[in-house]
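Worksheet: one structure, shown below.
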Amino acid sequence: MFNQLKLRILAVGMALVLPTAGWGEVNFAQKPLAAGGGVEPNLMFMLDDSGSMRWGFMPDELMSDRDLGNCVSYVAYGGDEYCAMNVGDRSQLLSPTYNKLYYNPDVTYEPPLKADGTSYPDSDFYSAPINGFDNNSAEVNLNTSYRAIMDDYYYYGDWNDNTIYGFTVSPDAGPVQAFYLDWTEGCSDPESFSCYTQVAITDDPGRQNFANWFSYYRTREMAAKSGIGTVFSNPELSTDFRLGWGEINQGKHTVDGADVRGVIAGVRPFEDVKTEFLSWLYGGNADGSTPLQRALEGAGKYYENSDRAWLDDPSQSKSTTNVERECRLSATML
């Protein structure tokens, strides 16, 4: 009796599982339900365009005093003017052991990718662009005229009773061959020049690597552009998402019907806006404060107050054929 009952239960279970005449093919979702199924997600990319992104050092603690004191000289360099400083107690700025942005011979600095997946050109060691993203950039001969640019607007020094903003660092504050400082393990004073060995860049592979670093990775902003741009330009990156973008110092204006801060462009299919996004990214110039929370709030207000962020076609108005999808995943990247 018990065995017969089990057989009947098994038969009913099979009837529920197996298709019967007239049933269509069962298609199981290939994505987790939590991923929104076939609905393309929204990504709002928010760039830090604060002035500190122009610095050539990281972390902040490497420079504690904004006032540099007296400039050794006042120099025109790469199309700008700077307070030229000797290395002195600033050796940490010129060593990759402490300054995580400075040239590191153990890192290969590849030119970033363009929207079509091809690379920017290798920089030329003998005429390296100050800004590799700008075709009209001033150039520097890194073999004879190198100075380490650490800041171009914030830190200041005195030169003949004039305040000079921005500074470079180099031995004797002069133009030299491209170099880095190699830290002597176990030395007690990381600020002292005596704890380092000055290493000139003399081999061809090293010169190419240094030139690429100088033109594409030298500052926080340049490193961010190169890294972010290369990720979004990668041909293997899925295009199954919608992208919007902004920067933290963008003031309030209207985007896709929402009055928001931070957001510059509302979400659109990534494939449609890839070139425009990368042109904006590579062409930007950092300048401003650091209102991170306000920018994130702006992205949230965009999602909250813009109907278009949720429509099948965000470039068009809502209609019976262009409906909202409440299940659409929406995120912000800062």
**OP:** Output the residues belonging to region 244-277 that are in contact (Cβ under 8 Å) with a residue 24 or more places away in the chain and of a type in the set (Val, Ile, Thr).
**Re:** 248, 255, 260, 263, 267, 273, 275
**OP:** Check 116, 122 and return the single one that is of a type outside the set (A, V, I, L, M, F, W, C), within 25 Å of residue 281 (Cα to Cα) and modelled with pLDDT under 95.
**Re:** 116
Original post:
If a residue has to be under 15 Å from residue 146 (Cα atoms) and open to solvent by 50 Å² or more (accessible area, probe 1.4 Å) to count, how many in region 194-220 make the cut?
Top reply: 3
Original post:
Inside region 181-240, can you point out the residues that are of a type in the set (S, T, N, Q), touching a residue at least 60 places away in the same chain (Cβ under 8 Å) and under 24 Å from residue 110 (Cα atoms)?
Top reply: 208, 209, 212, 215, 219, 226, 230, 233, 234
Subject >> Selection count, region 217-233, where residues are in contact with a Pro (Cβ under 6 Å, 6 or more places away or on another chain) and either under 17 Å from residue 168 (Cα atoms) or not polar (S, T, N, Q) (or both) >> reply: 1
**OP:** Just need a number here: residues in region 239-251 that are assigned to a loop (DSSP other than H, G, I, E, B) and more than 17 Å from residue 49 (Cα to Cα).
**Re:** 3
**OP:** Of the numbered conditions (1) of a type outside the set (D, E, K, R); (2) in contact with a helix residue (DSSP H, G or I) (Cβ under 6 Å, 6 or more places away or on another chain); (3) not in a loop (DSSP other than H, G, I, E, B), residue 198 fails exactly one; give the number of that condition.
**Re:** (2)
Original post:
Given 102, 126, which one is among the aromatic types (Phe, Trp, Tyr) and touching a residue at least 24 places away in the same chain (Cβ under 8 Å)?
Top reply: 102
Subject >> Matching strands (runs of 3 or more DSSP E) fully within region 252-330 where at least 2 residues are surrounded by fewer than 15 Cβ atoms within 10 Å (Cβ to Cβ) and either modelled with pLDDT of 95 or more or of a type in the set (Ser, Thr, Tyr) (or both) >> reply: 253-255
**OP:** Need at least 2 residues that are of a type in the set (A, V, I, L, M), buried (at least 18 other Cβ atoms within 10 Å of the Cβ) and under 21 Å from the mean Cα position of the chain (by Cα) per element, so show me which strands (runs of 3 or more DSSP E) inside region 95-186 make the cut, counting only ones lying wholly within it.
**Re:** 148-159
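The values are calculated or read from the model by the stated rules, or taken from the named source; none is laboratory data. A quick note: this is a predicted structure, and the numbers were derived from the prediction, not measured. Note: ideal-geometry Cβ built from the backbone for every residue, glycine included; neighbour counts use all protein chains shown. When the accessible area is computed, the model is the full protein with side chains, heavy atoms only, and any ligands, DNA or RNA have been set aside. Shrake-Rupley method; radii C 1.70, N 1.55, O 1.52, S 1.80 Å.
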